[in-house]
Amino acid sequence: MADKYTQAIEKASTFLESKGMEKPEVGLILGSGLGELANEAENAVVVPYEDIPEFPVSTVEGHAGQLVYGDLGGKKVVAMQGRFHYYEGYDMQEVTFPVRVMKALGVKSLVVTNAAGGVNEDFTPGDLMIITDHINMIGVNPLHGPNNNELGPRFTDMSSAYNKEYQAVIEKVASQQNIDVKKGVYMGFSGPTYETPAEVRMARTLGGDAAGMSTVPEVIVANHAGLKVAGISCITNYAAGMQENLNHDEVVEVTTRVRETFKSLVKSVIENL
Ligand SMILES: O=P(O)(O)O[C@@H]1C[C@H](O)[C@@H](CO)O1
Ligand SMILES: Nc1nc2[nH]cnc2c(=O)[nH]1
């Protein structure tokens with residue numbers, strides 16, 4: 001049953017196909033300061049978000065705001081150079097709309113990346129973390145409201161929201177590249193505030209290893225749509241209570257510092273999906 005939402009997905013994906021974004025296999029969402037990887041796509045087609053019908057636009061520093069299609073890691077990839085966040089004022093359907101469009105373009109696998117605060121006391125800024133699972137502390141769910149069965153089931157199984165084979169791929173590639181990759185649970189908050197020390201203590205008590213402000217909505221919708229998901233966090237700071245003065249400049253500075261390692265890891269992961 002075509003409704004306004006599915007018509008918007010159709011309109012955006014048809015527009016992008018007309019620009020040459022033919023049948024991408026892998027979707028890639030690049031978080032704060034992590035967008036440079038998309039510049040390595042060959043035979044690239046680049047479309048700014050503001051040119052894509054129905055797309056929101058990025059408003060956060062460290063998020064370029066364009067969709068990049070091309071050859072990366074031996075696969076046809078469509079990458080978000082900058083993502084949308086609930087805290088920007090977008091609703092959950094807007095935040096996750098790009099995932100629906102990637103699915104409509106033909107994507108089967110989704111690699112989601114982000115910058116996150118380290119909650120696990122064994123983590124250090126600059127670490128890369130394989131996301132093994134997430135805890136939705138945002139308080140809202142992108143699948144709220146009437147379900148369109150053409151897009152996915154009313155009740156989505158989230159028991160393997162982060163594909164276990166993909167987790168093993170990331171681990172294998174990290175070991176081959178001598179990257180001491182961590183593993184852990186990503187706790188998603190609404191943002192835009194960083195957590196209070198008490199919230200970080202709660203996150204740790206509840207089993208969170210990293211705290212973020214994105215990823216959870218996109219991964220829920222990706223699972224609804226039947227995509228296989230791999231998630232990687234760049235730990236950019238000690239979460240509140242473990243350091244003073246959390247700020248976005250430091251987040252982008254740390255992602256810049258680990259950029260080459262991050263790019264090498266993610267490119268090889270894409271190769272091995
Ligand atoms: O888009 P991501 O989740 O990578 O960015 C994180 C969360 C906030 O947008 C920002 C806060 O510094 O970093
Ligand atoms: N929620 C949250 N998001 C982040 N993104 C980068 N660092 C942090 C953090 O400490 N908390």
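The values are calculated or read from the model by the stated rules, or taken from the named source; none is laboratory data. These numbers were taken from a predicted model, which means no experiment stands behind them. We place every Cβ from the backbone using ideal geometry, glycine too, and count neighbours over all the protein chains shown. Ligands, DNA and RNA are excluded from the accessible area calculation, which covers all protein heavy atoms including side chains. Shrake-Rupley method; radii C 1.70, N 1.55, O 1.52, S 1.80 Å.
Worth pointing out:
- Residue selection: Gln167 satisfies the criterion of being more than 16 Å from ligand 1 (Cβ to nearest atom) and crowded, with 17+ Cβ neighbours inside 10 Å.
- Within region 170-201, the set of residues being within 16 Å of ligand 1 (Cβ to nearest atom) and of a type outside the set (Phe, Trp, Tyr) comprises Gly184, Val185, Met187, Gly188, Ser190, Gly191, Pro192, Thr193, Glu195, Thr196, Glu199, Val200.
- Looking across region 149-158, the residues that are within 18 Å of Lys103 (Cβ to Cβ) and surrounded by fewer than 15 Cβ atoms within 10 Å (Cβ to Cβ) come down to Asn149, Glu150, Pro153, Arg154, Asp157, Met158.
- Which listed residue, of Gly62, Gly27, Gly73, is away from ligand 1 (no atom under 15 Å from the Cβ) and open to solvent by 10 Å² or more (accessible area, probe 1.4 Å): Gly73
- Residue list for region 84-124, filter: within 13 Å of ligand 1 (Cβ to nearest atom) and aromatic (Phe, Trp, Tyr): Phe84, Tyr86, Tyr87, Tyr90
- Top-ranked residue of region 1-50 - restricted to ones that are among the hydroxyl-bearing types (Ser, Thr, Tyr) and in contact (Cβ under 8 Å) with a residue 12 or more places away in the chain, ranked as farthest from Asp249 (Cα to Cα): Thr6
- Only one entry in Thr156, Thr132, Thr124, Thr113 is touching a residue at least 12 places away in the same chain (Cβ under 8 Å), hydroxyl-bearing (Ser, Thr, Tyr), within 23 Å of Arg204 (Cβ to Cβ) and part of a loop (DSSP other than H, G, I, E, B), namely Thr124.
- Number of the exception - Asn245 against (1) in contact (Cβ under 8 Å) with a residue 40 or more places away in the chain; (2) over 28 Å from Gln93 (Cβ atoms); (3) within 16 Å of ligand 2 (Cβ to nearest atom); (4) open to solvent by 40 Å² or more (accessible area, probe 1.4 Å): (1)
- Among the residues making up region 84-140, those that are among the hydroxyl-bearing types (Ser, Thr, Tyr) and open to solvent by less than 50 Å² (accessible area, probe 1.4 Å) are Tyr90, Thr96, Ser109, Thr113, Thr132.
- Residue in region 184-204 that is closer than 25 Å to Ala104 by Cα and without any contact (Cβ under 8 Å) to a residue 40 or more places away in the chain present: no
- Condition met for Thr236 (open to solvent by 60 Å² or more (accessible area, probe 1.4 Å) and either at pLDDT 90 or above or within 11 Å of ligand 2 (Cβ to nearest atom) (or both)): no
- Residue match in region 175-197 (condition: aliphatic (A, V, I, L, M), away from ligand 2 (no atom under 15 Å from the Cβ) and surrounded by fewer than 24 Cβ atoms within 10 Å (Cβ to Cβ)): yes
- Considering region 249-270, and only residues there that are open to solvent by 10 Å² or more (accessible area, probe 1.4 Å) and in contact with a helix residue (DSSP H, G or I) (Cβ under 8 Å, 6 or more places away or on another chain), the residue that is farthest from Ala64 (Cα to Cα) turns out to be Ser268.
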